[in-house]
Amino acid sequence: MIVVAENDDCRILFQDADSNGCILSFSYMDFHLEVAPFFGYQTFSKLGVAALGITAKSNNWFPSSVRALAELSRRFTDRFPIRMAYGFSMGGYGALKHSRAFGATHVLALSPQYSIDPEDGDGRYANAFKREEGYRSAILREDVSGQITLVVDLNFDPDLDAVRRIVAIAPGTTIWPADMGASHFTISFAKGSLRFAELYRRLTGDRLTGAANETLGFGIS
């Protein structure tokens with residue numbers, strides 16, 4: 001494992017593998033308090049897929065300083081034809097907001113925010129918001145790249161509103177409904193190596209060598 005880049009806001013690690021794809025994994029809220037190297041590390045290692053772990057050092061929602069590290073990161077990841085940005089909640093937001101900077105070809109975001117700026121209508125994370133001159137918290141059209149898939153509980157209005165606003169700036173976005181009653185906690189949708197491998201296959205068409213041959217039925221297409 002290689003330390004690719006680091007600043008006051010973020011630490012980026014790279015785990016290489018002989019795979020067609022690389023997961024660009026963005027950490028969720030409070031992940032910096034855990035001991036794992038980065039979000040999804042065990043799953044990606046088991047599946048034999050390369051991964052770039054982008055871990056926020058606090059609940060900072062991946063501010064503009066993260067982009068200064070993207071160019072360094074892409075020296076390791078641009079050789080992979082498939083680069084899937086992935087994250088839950090704060091991590092889902094980061095995966096979307098910085099997908100173009102990191103050169104993502106696909107995005108899988110679970111319960112992402114559109115913005116944490118209360119002026120944009122969502123005050124749930126106002127305590128974490130810090131205004132930056134010349135930089136918007138909201139996800140903008142020029143921020144995103146790749147084929148975007150969002151996972152959301154269609155009955156949880158705060159997240160559904162965020163998804164509607166994301167779709168407005170990225171019209172080709174696919175929405176997968178989470179299990180009924182999940183509310184914000186849709187992380188279980190991709191939990192476990194076999195389940196993640198099947199999601200990855202459906203999104204990218206690529207089968208991970210570390211995954212079992214059988215597939216799981218999700219009721220999605």
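The figures follow:
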{"read-out": "Volume in Å³ per residue [convex hull over Cα atoms, computed for the stretch 57-169]", "value": "99"}
{"read-out": "Cleavage-rule hits (GluC sites (Glu not before Pro)) in the stretch 109-166: DSSP loop, at most 11 neighbouring Cβ within 10 angstrom", "value": "Glu133"}
{"read-out": "Only Lys, Arg (+1) and Asp, Glu (-1) charged, at Cβ; the chain dipole about Cα centre in debye", "value": "480"}
{"read-out": "Selection from Ala101, Gln15, Thr55 lying farthest towards where the dipole of the stretch 1-157 points positive, charges on Cβ", "value": "Gln15"}
{"read-out": "Kirkwood Rh in Å, taken over all unlike Cα pairs in the stretch 78-126", "value": "11.3"}
{"read-out": "Positive minus negative residues near Tyr93 (Lys, Arg vs Asp, Glu; Cβ under 13 Å)", "value": "-1"}
{"read-out": "GNM result for the chain, Cα springs below 10 Å: residue of His106, His98, His32 fluctuating most strongly", "value": "His32"}
{"read-out": "Per residue accessible area in Å² of the chain, where ligands, DNA and RNA are left out and the probe is 1.4 Å", "value": "45"}
{"read-out": "Area of Arg141 that stays accessible when all protein chains are in place (1.4 Å probe, Å², to 10)", "value": "130"}
{"read-out": "Lysines whose Cα lies under 20 Å from that of Lys191, excluding same-chain neighbours fewer than 8 positions away", "value": "Lys46"}
{"read-out": "Fraction of accessible area attributable to carbon and sulfur, the chain (%, probe 1.4 Å)", "value": "49"}
{"read-out": "Global form of the stretch 1-112, assessed from the alpha-carbon gyration tensor, a/c cut-off 1.5", "value": "rounded"}
{"read-out": "With all protein chains modelled, accessible area of Met1 [1.4 Å, Å²]", "value": "110"}
{"read-out": "The chain: calculated mean residue ellipticity at 222 nm from DSSP helix runs of at least 4, using -39500 (n - 2.57)", "value": "-7000 deg cm²/dmol"}
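The values are calculated or read from the model by the stated rules, or taken from the named source; none is laboratory data. None of these values were measured; they are calculated from a predicted model. FYI the Cβ positions are ideal-geometry reconstructions off the backbone, even for glycines, and counts take in every protein chain you see. Keep in mind that these areas ignore ligands, DNA and RNA; they rest on the heavy atoms of the full protein, side chains included. Shrake-Rupley method; radii C 1.70, N 1.55, O 1.52, S 1.80 Å.
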